[in-house]
There are 2 protein chains.
Amino acid sequence: MPKVFEKSLREVAEEIEKITLSRENGIHVAKSLRMRRGDSLIVSDGEGRDFCCEIEQTSPEVVLKVLFVAPTDTEPEVYITLYQGVPKGDKFAQVVKQCTEIGVSEFVPVIMARSISRPDEKTAAKKVERWRKIAHEAAGQSRRGIIPKVADMMSLEDSVKKLSGDRAIVFYESGGEGLKDILNDFKRENVHSADIFIGPEGGFEPSEVEALKNAGARVATLGRRILRTQTAPLAASANIIYELSSP
Amino acid sequence: MPKVFEKSLREVAEEIEKITLSRENGIHVAKSLRMRRGDSLIVSDGEGRDFCCEIEQTSPEVVLKVLFVAPTDTEPEVYITLYQGVPKGDKFAQVVKQCTEIGVSEFVPVIMARSISRPDEKTAAKKVERWRKIAHEAAGQSRRGIIPKVADMMSLEDSVKKLSGDRAIVFYESGGEGLKDILNDFKRENVHSADIFIGPEGGFEPSEVEALKNAGARVATLGRRILRTQTAPLAASANIIYELSSP
């Protein structure tokens, strides 16, 4: 059953019987998905509530009949924020798409020492806008309960300031602890969030890893094989969700 | 340190002092990687032996001085064979690339009931050839000890015949056991291989899952979110390696 997000639902009461989709969602449902009267659709408020609906009409607007409202059950029990060194070209778009499916809840593009891409303010804003759109679409397709946030690009210093205590894990190509040991500690300490750091194509500068360690982050090995910067976050987040969330 | 594979090394003795690269590898090293005399390079026989070398000359051929030979230490302790329903377009190329990095050892493209792509024999052979090339390149870049095999396309019936007992896991969008429970059984039974089955875009037909179950496969849930056919094998193989291999 397809799923779309309607922010306006935040304000509606539980007793709502009909939903009129926004123009944009209406076009998506009627034109792109080619859905018709009688088809089923989930509409989510993007904050944990799903409205299971049947399409009543598609023209001039898409109007849905609400069959039932339920809390979304597709969110992982661990809130992952991915801090990634901005990679070249369009690689981060693929990361946002695939990690949204896997269950990452927040993306922070970080300009790191070895980031080759250093867009000016206007280009950066455009890129972030595009990543937000991709997160939105992927969240609907994968039936997430929330739309993952994509933060504005920031420096590593600023990302270090955002860190809260000891929930951060730096994946370092030059080695560190096994991820399993770290996640077993997280389980023991009942930790339900993880801030993960992945370097850009050239990896981290040792001074960057040092700065993150000083801020309380733990350093994990990425394993014995070399993962590219667009593959590492998928493996890392899949493993964290495997270990800290029920399937 | 870059890595290339030289099949001819299979026949050489351990006492080898110099290696002359094949024309193709020579061009790759001297032209694409722009390596020079004095640079370091790992040459692998693709069967678990790595030759750590220094470049002695790059013209007219690339000649290396062998500094030491060591068994490769980058292979996961679990041998994963990915049977994937052939997806549309070029998606399987991305799967082969990323899953080679993660550590999958063998790929079997399977024409399943809901595979939309049904290439004729010639097109299929061309595609498989291309996937083999991608596996070769990705193995070098990620420093694998072997080049993952890519089998010819086959039917689901033929893939079922290839299965050996109870090491098979079908990832089914309509639910099944938790992967953790299955992998804990594998650990207890000291299993070091896994045959994983992922459906094409439209997923499995129930009869296909039934056939695999009858052949001894266990059915695992892909979790509560919808993973696309090109994301599911990455998450699945990353989790299996996380659980059954040391990092």
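Quick note: the coordinates plus some simple rules give every number you see, no bench work behind them. Computed from a prediction, not measured in an experiment: that's the story for all the values here. For neighbour counting, all protein chains shown are included, and Cβ atoms are generated from backbone atoms with ideal geometry for every residue, glycine included.
Can you tell me what share of the DSSP beta bridges in chain B is antiparallel? A percent to the nearest 5 is fine.
Counting DSSP beta bridges with both partners in chain B, the antiparallel share is about 40 percent.
Rounded to the nearest 0.05, what FRET efficiency do B:GLU47 and A:ASN214 have when you use their Cβ-Cβ distance and R0 = 30 Å? List each step's numbers first, then the result.
Details: r = 44 Å, r/R0 = 1.46.
Once the sixth-power term is evaluated, E becomes 0.10.
Computed FRET efficiency, Cβ-Cβ of A:ASP185 and A:ARG114, R0 25 Å: what is it to the nearest 0.05?
Computed FRET efficiency for A:ASP185 and A:ARG114: 0.30.
Can you check what the net charge comes to around A:SER246, using other residues whose Cβ is under 15 Å from the Cβ of A:SER246 (Lys, Arg +1; Asp, Glu -1)?
Result for the local shell: -2.
Where a Cα-Cα gap under 18 Å defines reach, which lysines qualify for B:LYS18, not counting those fewer than 8 residues away within the same chain?
B:LYS3, B:LYS7, B:LYS65
Please give the average number of partner chain Cβ atoms lying within 10 Å of the Cβ of each residue in B:172-178, rounded to a whole number.
1
Counting Lys +1, Arg +1, Asp -1, Glu -1, what net charge surrounds B:SER207 among other residues with beta carbon under 13 Å of its beta carbon? Don't skip to the answer; put the middle values down first.
Working: positive: B:ARG114, B:LYS213; negative: B:GLU157, B:GLU205, B:GLU208, B:GLU210.
With Lys, Arg at +1 and Asp, Glu at -1, the neighbours total -2.
Below 8 Å between Cα atoms, with a sequence gap of 6+, how large is the relative contact order for region B:3-71 in percent?
This gives 36 percent for region B:3-71.
Shielding of B:134-146 by partners, i.e. mean partner chain Cβ atoms within 10 Å per residue?
2
As a test, work out the antiparallel percent of DSSP beta bridges whose residues both lie in the protein assembly as shown, rounded to the nearest 5.
Counting DSSP beta bridges with both partners in the protein assembly as shown, the antiparallel share is about 40 percent.
In terms of Cα to Cα distance under 20 Å, which aspartates and glutamates are near enough to B:LYS187, apart from those fewer than 8 places away along the same chain?
Candidates past the 8-residue exclusion: A:ASP181, A:GLU243, B:GLU75, B:GLU77, B:ASP166, B:GLU177, B:ASP195, B:GLU243.
Looking at A:PRO233, A:VAL110, A:SER164, which one has the Cα that reaches farthest to the positive end of the dipole of region A:79-244 (charges on Cβ: Lys, Arg +1; Asp, Glu -1)?
A:PRO233
Around B:VAL43, what is the net charge, scoring Lys/Arg as +1 and Asp/Glu as -1 over all other residues with Cβ under 9 Å from its Cβ?
Result for the local shell: -2.
Could you compute the FRET efficiency for A:LEU67 and B:LYS88, with r as their C-beta to C-beta distance and R0 at 22 Å, rounded to 0.05?
Values: r = 33 Å, r/R0 = 1.48.
With R0 = 22 Å, the Cβ-Cβ based efficiency is 0.10.
First check a/c for region B:79-244, with a ≥ b ≥ c the square roots of the eigenvalues of its C-alpha gyration tensor; if it is under 1.5, answer rounded, and if not, answer prolate when a/b is larger than b/c or oblate otherwise.
Since a/c reaches 1.5 but b/c is at least a/b, the shape of region B:79-244 is classed as oblate.
Inside 10 Å of the C-beta atoms of B:231-241, what's the mean count of C-beta atoms belonging to other chains? Intermediate results must be reported in sequence, preceding the final value.
Details: counts 11, 3, 0, 7, 11, 2, 2, 11, 7, 1, 4.
Partner-chain Cβ atoms within 10 Å, mean over residues of B:231-241: 5.
Could you line up B:SER174, B:SER245, A:SER44 from fewest to most neighbouring Cβ atoms inside 10 Å?
Fewest to most other Cβ atoms nearby, the residues stand as B:SER174, B:SER245, A:SER44.
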